[in-house]
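Right, one structure below, let's go through it.
The values are calculated or read from the model by the stated rules, or taken from the named source; none is laboratory data. Because the structure is predicted, anything quoted here is derived from the model rather than measured. Virtual Cβ from ideal backbone geometry, glycine too; neighbours counted across all protein chains shown.
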Amino acid sequence: MVKWYVFSIIILTSSLSSILSSQEIKTFKVEDFDLIGEVKSALVITDYGKEEYHFDQKGRLSKAVTRYSDDDYENTFYRYRNGELIEKRVENYHDNTFDPATSIANLYEFDTTGLKRQVVENIVSYEQEALEKNIYHYDDTGALIKIVHTDTNGTDEITIEYTDSEDASVMIKKRNNVLLQSVRREKIDSVEIKIFTDDYINGDLSTRKKEILRKDNLIFEAEFAMDSVTQKWLPQSEVHYVYDKDGVLSEVTTKRGLITTAEHYIYQFDGSRYNNWVKEIVTPDNTYTTRRIVYYETPENIED
């Protein structure tokens, strides 16, 4: 289970760092928000405000709203054509007034004239200022192999190389031919996968993350920092995730140094045929998140 609140950060970010860490131009769907079924909208109520997510009947995210207060909020709209994301617009409101200075649009063009896929992303402000341009290049299999990023600081070229073997796959990412990141996925058995992600600064090892997935659930992750003097990995944190028999997150144990903390998750479900959760309680702090879910009235969802 992936926590829902990370998506408000991911989907509204168009900085260089997000581009370098991404593999694809992502189309978010219902399942990315820990939801199942014909969901039309989900209102998530938190301690800092409210998040609204709206989906089309194909399960794609069409609108996201982050409300910090009644008068301060952010709307993000998604438009699709022929199954492709062609436009993303982020509109900010302060004191209930639209702010064009901080509102941006991501516009996508698709080159289908060649044999290989190419996508051009132009990021512009609502004041008609060009902020960034990204050209995504794909190989014959549809895998992303290069991103050419241009902004006011100049142009960077990010290349991605893939190597596959019988029990592992490796992705190497470079920026201007300097090593940036490597990701190794090892298949342990039919249900378990280990992922090792190494990040580099100026070509030197900086941090490492180890993840273990079982049946698509993250069950373990650990982070390390490279000691530049001893050239050894120093443990930073270690997290264990426990799920119940239905695959629902029930406990998270975190260790940082000599301190270990445990959180327990309790859920209330909506009783629909999809059985999505509508309230999450985290103990011992007793923090909670609630969700109000509306479904499309397909024949399967209409009660007799």
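Listed residues Thr97, Thr112; which is among the β-branched types (Val, Ile, Thr) and more than 30 Å from Asp139 (Cβ to Cβ)?
Details: Thr112 fails: more than 30 Å from Asp139 (Cβ to Cβ).
Only one candidate passes the filter, namely Thr97.
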Discussion item. Between Glu127, Glu91, Glu109, which is in the same structural domain as Thr66 (by TED's automatic domain parsing), surrounded by 14 or more Cβ atoms within 10 Å (Cβ to Cβ) and of a type in the set (Asp, Glu)?
Written reply: Glu91
Response to the item:
Log entry, pairs with first residue in the stretch 184-205 being surrounded by 12 or more Cβ atoms within 10 Å (Cβ to Cβ), second being aromatic (Phe, Trp, Tyr), beta carbons closer than 6 Å, six or more apart or on different chains, reads Arg184/Phe196
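Across the stretch 195-221, what is the number of residues that are farther than 23 Å from Asp34 by Cβ and part of a strand (DSSP E or B)? Walk me through it before giving the result.
The first filter runs over the stretch 195-221 and keeps only residues farther than 23 Å from Asp34 by Cβ, leaving 196, 198-208, 210.
Now drop any that are not part of a strand (DSSP E or B), which leaves 196, 198-201, 204-208, 210.
Residues meeting the conditions: 11.
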Discussion item. Among the residues in the stretch 103-111, are any among the acidic types (Asp, Glu) and closer than 30 Å to Ile219 by Cβ?
Written reply: no
Item to complete: Only residues that are closer than 17 Å to Ser206 by Cα, without any contact (Cβ under 8 Å) to a residue 24 or more places away in the chain and of a type in the set (Ser, Thr, Tyr): list them for the stretch 224-252, please.
Response: Thr230, Ser237
Response to the item:
Filter the stretch 170-194 for residues that are part of a loop (DSSP other than H, G, I, E, B) and at pLDDT 95 or above; the one that is nearest to Gln231 (Cα to Cα) is Asn177
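Residues Arg60, Arg81: which one is over 17 Å from the mean Cα position of the chain (by Cα), among the basic types (Lys, Arg) and more than 24 Å from Tyr288 (Cα to Cα)? Outline the logic, then answer.
On the way: Arg60 fails: over 17 Å from the mean Cα position of the chain (by Cα).
Only one candidate passes the filter, namely Arg81.
If I go through the stretch 140-157 residue by residue, how many of them are without any contact (Cβ under 8 Å) to a residue 24 or more places away in the chain and either outside any strand (DSSP E or B) or among the hydrophobic types (A, V, I, L, M, F, W, C) (or both)?
If we filter the stretch 140-157 for residues that are without any contact (Cβ under 8 Å) to a residue 24 or more places away in the chain, which is where we start, we get 141, 143, 145-146, 148, 150, 152-155, 157.
Then keep just the ones that are either outside any strand (DSSP E or B) or among the hydrophobic types (A, V, I, L, M, F, W, C) (or both); that gives 141, 143, 145, 148, 152-153.
Qualifying residue count for the region: 6.
Can you confirm whether the stretch 148-169 contains a residue that is among the aliphatic types (A, V, I, L, M), modelled with pLDDT under 95, out of contact with any Gly (no Cβ under 9 Å at 6 or more places or on another chain) and more than 26 Å from Asn202 (Cα to Cα)?
As a first pass, look at the stretch 148-169 and keep what is among the aliphatic types (A, V, I, L, M): 148, 158, 160, 168.
Next, from what is left, pick out any that are modelled with pLDDT under 95: 168.
Right, trim to out of contact with any Gly (no Cβ under 9 Å at 6 or more places or on another chain) and you get 168.
Narrowing further to those that are more than 26 Å from Asn202 (Cα to Cα): 168.
There is at least one residue in the stretch 148-169 that is among the aliphatic types (A, V, I, L, M), modelled with pLDDT under 95, out of contact with any Gly (no Cβ under 9 Å at 6 or more places or on another chain) and more than 26 Å from Asn202 (Cα to Cα).
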Item to complete: Kindly indicate whether Thr254 is in a strand (DSSP E or B), in contact with an Asp or Glu (Cβ under 8 Å, 6 or more places away or on another chain), β-branched (Val, Ile, Thr) and surrounded by fewer than 16 Cβ atoms within 10 Å (Cβ to Cβ).
Response: yes
Worksheet item: When you go through (1) farther than 21 Å from Glu31 by Cβ; (2) in a loop (DSSP other than H, G, I, E, B) one by one for Glu297, which number turns out not to apply?
Response: (1)
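Can you find even one residue in the stretch 158-165 that is in contact (Cβ under 8 Å) with a residue 40 or more places away in the chain and either surrounded by 12 or more Cβ atoms within 10 Å (Cβ to Cβ) or in contact with a strand residue (DSSP E or B) (Cβ under 9 Å, 6 or more places away or on another chain) (or both)? It would help to see each step written out before you state the result.
If we filter the stretch 158-165 for residues that are in contact (Cβ under 8 Å) with a residue 40 or more places away in the chain, which is where we start, we get 158, 160.
Right, trim to either surrounded by 12 or more Cβ atoms within 10 Å (Cβ to Cβ) or in contact with a strand residue (DSSP E or B) (Cβ under 9 Å, 6 or more places away or on another chain) (or both) and you get 158, 160.
Yes: the stretch 158-165 contains one or more residues that are in contact (Cβ under 8 Å) with a residue 40 or more places away in the chain and either surrounded by 12 or more Cβ atoms within 10 Å (Cβ to Cβ) or in contact with a strand residue (DSSP E or B) (Cβ under 9 Å, 6 or more places away or on another chain) (or both).
Quick one: which strands (runs of 3 or more DSSP E) sit completely within the stretch 29-139 and have at least 1 residues that are in contact with a Ser or Thr (Cβ under 9 Å, 6 or more places away or on another chain) and closer than 30 Å to Leu249 by Cβ? Give the derivation first.
Numbers: elements: 39-45, 50-55, 61-67, 73-81, 84-94, 97-111, 118-125, 130-138.
Per the criteria, 39-45, 50-55, 61-67, 73-81, 84-94.
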Discussion item. Condition check: surrounded by fewer than 16 Cβ atoms within 10 Å (Cβ to Cβ), assigned to a loop (DSSP other than H, G, I, E, B) and small (Gly, Ala, Ser). Does Ser228 satisfy that?
Written reply: yes
